[in-house]
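One structure is given below, encoded as structure tokens.
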Amino acid sequence: MNKIHTIFRDEKIFHVIFASAMKKDYTVYPSMIEGESGIIWSYDNVQVTSIFDDTHPVQVTTSKCNDLSICVWYVSSIWQFNDPLRTNYTLLGELNKWTAVSQQRFVSITTNIEKTQTTIVVQGVTTEIILIGIYHSKFQSMIVNCTISSTSGQANLMITPTNVVCS
């Protein structure tokens with residue numbers, strides 16, 4: 001079993017847990033991957049997310065992660081807005097990619113001082129449409145279409161307590 005993580009400039013960390021050809025079952029906790037609590041989902045279904053913490057570990061089993069199949073889970077930290085509902089959200093990443101959150105695709109993640117809006121700058125090829133998974137406590141897991149601008153080669157994914165939009 002291996003783990004990989006990506007660190008952005010503002011210290012947001014995303015983990016990948018990979019398992020294959022397992023000979024025994026494991027229970028994986030955030031501390032085992034030098035991580036913190038967050039949201040976890042499997043590579044094959046971004047629509048189904050779970051809490052990943054000391055009371056909700058991931059089960060890596062020989063029946064699922066064996067010689068005939070692989071298992072890949074992604075873990076993202078949960079962030080919180082400073083609104084009355086304390087809205088939680090996280091970037092799940094780009095669909096259909098082995099590295100769901102990469103520095104080449106997501107060039108910056110910035111939250112305003114008031115903690116009421118986060119802007120994620122998405123890099124790509126002109127007019128490319130990128131499918132991005134977002135977890136938002138109001139909407140649960142959702143997929144957002146981001147179209148890369150023909151002028152800047154980027155799109156801005158904006159998350160607020162009440163909305164998720166890409167422009």
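What follows draws every value from the coordinates through simple rules; no lab data is involved. These numbers were taken from a predicted model, which means no experiment stands behind them. Heads up, the Cβs are rebuilt from the backbone with ideal geometry, glycines too, and the neighbour counts pull from every protein chain shown.
At q = 0.16, 0.24 Å⁻¹, what log₁₀ I(q)/I(0) does a Debye calculation on the Cα points of the range 2-77 give, no solvent, two decimals?
Taken in order of the listed q values, log10 I(q)/I(0) reads -0.55, -1.16.
Over the C-alpha atoms of the chain, what are the Rg and the largest Cα-to-Cα span, Dmax, in Å?
Gyration radius and largest Cα-Cα distance of the chain: 16.3, 52 Å.
Calculate the FRET efficiency for D44 and Q140 from the Cβ-Cβ distance with a Förster distance of 25 Å, rounded to the nearest 0.05.
Calculated transfer efficiency: 0.90.
Roughly speaking, what is the centre-to-centre gap between the range 54-101 and the range 14-35 when only Cα atoms are used, to the nearest Å?
If you average the Cα positions of each part, the centres end up 12 Å apart.
Most exposed first by the Cβ proxy, i.e. fewest other Cβ within 10 Å, how do R86, R105 rank?
So the residues, fewest neighbours to most, are R86, R105.
In the P(r) worked out for the range 79-166, what percent of Cα pairs fall beyond 16 Å?
50
Would you please state the base-10 log of I(q)/I(0) at q = 0.25, 0.31, 0.32 1/Å for the range 34-82, with intensities from the Debye formula using one equal scatterer on every alpha carbon?
Result of the Debye calculation: -1.02, -1.22, -1.23.
Using 0.36 nm per residue, how much length does the chain from R86 to Q154 gain when fully extended, once their Cα-Cα distance is taken away?
21.6 nm
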